[in-house]
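The numbers here are math on the coordinates, done by the rules we state, and not lab data. Remember, it's a predicted structure, so these values are computed and weren't measured experimentally. Please note: Cβ atoms are built from the backbone with ideal geometry, for glycine as well, and neighbour counts cover all protein chains shown.
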Amino acid sequence: MARWDPWRGCRRCSDGCLHCYIHKGDARRKVDTGDIHKTKDFDKPVARLKNGEYKMKPGLVYLGFSTDFLIEEGDPWRGDCWRMIRQRPDCTFLFLTKRIERFRDCLPGDWGGGYENVVVCCTVENQENADRKLSVFRDLPIRHKCITAQPLLGPIDLEGYLEGMELVTVGGESDPGARQLDYDWVLSIRQQCIRKNVSFEFRQCGTYTIKDGKRYHIPTRELTKQARAAAINWKAQVL
Ligand code: SF4
C-alpha cells in the first residue's frame, strides 16, 4: 500500500487530538504542526516514470496521514487532489477525518453519489462526538464508509449509525499521559457490530487498559500485538 500526503500540518479540533502523533513527532523535531503547507508529493498519484507508467502502483493509498484531508487550509488545494483521484481509478484512496461536518463543502462538482475509489473513515472518541459526527456521516453520499473509534475515550452506543458502514475499528490511546481504555467498551462496540453485521477490528490496546477490573500499563511496542492476541476481530457475513 502507498501513502500520499499532498499537504501536511494540522490543528487540534476534537477530544481525540490531545496526544496526536503528528504533533508529538513534530515537537520532537521542532517542527510547527500549525504550519499547513503543500508537500513535494502533491502530484504523487499522477507522477510518471520515464517509460510513461505511473510511479504509484495500483492499490490502497493512505491519503493525508500528516493532516486532516478536510481541514480548511486545504480548501484551495483539494480540487486538484480530487482530479488526481479521478485520474487513478486503479487506486483506492482512504482518508480519516475528524472534520466530517465539512464534507459537503469539500466536494468536487461531479461527486454525485461518491467516487467508487474513495473510502472515508469518520473518527469518533466518545458518545458526545459520536452523536454529533455520525448523525452527519450517516447521510453523506459516500460509497465506502468506515468508523474509527480511536482513541476510544468512553463507552459508545453507535449501533444506530451502523447501517451502510463497511468497517468499525477501535483502539486505545498511546502516550505516557494516555487516558485509559476499558476493554468492556471495546467488547460492547464489537457486539453492536455483530448485531448489525458490520466488520470490526481491534487495532491497539491503550497504554493504560482496564480489563476485568485490573489496570494494565502496556508498553507502546506491545499495544498492537496485545490487541491482535485478543483475537476479537470479526468479519461481516455475506447475506
Ligand atoms: S485532526 Fe488528526 S492530525 Fe489533526 S490534530 Fe487531530 S489527531 Fe492530529
Relative to the chain, whose Cα atoms define the longest principal axis, helix 127-137 and its Cα axis are tilted in degrees, nearest 10, by 30
For the chain, give me the percentage of DSSP beta bridges that are antiparallel, rounded to the nearest 5 percent.
20
Using 0.36 nm per residue, how much length does the chain from ARG29 to ALA230 gain when fully extended, once their Cα-Cα distance is taken away?
68.9 nm
Based on the Cβ-Cβ distance of ASN51 and ASP75, what FRET efficiency does E = 1/(1 + (r/R0)^6) give at R0 = 45 Å, to the nearest 0.05?
0.80
Distance in nm between label sites at HIS19 and HIS37, each 7 Å beyond Cα in the beta-carbon direction?
3.0
Grab the other residues whose beta carbon is less than 14 angstrom from that of LYS38, score K and R as +1, D and E as -1, and report the net.
-3
With a/c under 1.5 counting as rounded, go ahead and sort the range 115-239 into rounded, prolate or oblate using the C-alpha gyration tensor (a ≥ b ≥ c being the square roots of the eigenvalues; past the cut-off, prolate if a/b is larger than b/c, else oblate).
prolate
List TYR161, TYR183, TYR62 from most exposed to least, where exposure is judged by having the fewest other Cβ atoms within 10 Å.
TYR62, TYR183, TYR161
Zone residues, the range 173-193, relative to TYR216, backbone N less than 15 Å from point 7 Å out along Cα-to-Cβ:
173-174, 180-187
GNM result for the chain, Cα springs below 10 Å: residue of GLU101, GLU166, GLU128 fluctuating most strongly:
GLU128
Could you size up the charge dipole of the chain around its Cα centre, putting +1 on the beta carbon of Lys and Arg and -1 on that of Asp and Glu, and report it in debye to the nearest 20?
840
Taking every pair of distinct Cα atoms and averaging 1/r, then inverting, what Kirkwood hydrodynamic radius in Å comes out for the chain?
18.9
What is the dipole size for the range 33-136, taken about its Cα centre, with +1 at each Lys and Arg Cβ and -1 at each Asp and Glu Cβ, in debye to the nearest 20?
500
Pick from LEU140, LEU63, LEU181 the residue whose mean-square fluctuation is largest in a GNM of the chain, springs joining Cα atoms under 10 Å.
LEU140
Cα-Cα longer than 29 Å, checked against LYS30/LYS55; LYS38/LYS235; LYS44/LYS145; LYS24/LYS44; LYS44/LYS98, kept in input order, equals LYS30/LYS55; LYS38/LYS235
Place +1 on the Cβ of every Lys and Arg and -1 on the Cβ of every Asp and Glu in the chain, take the dipole about the Cα centre, and give the residue among CYS13, ALA2, ASN129 whose Cα lies farthest towards its positive end.
ALA2
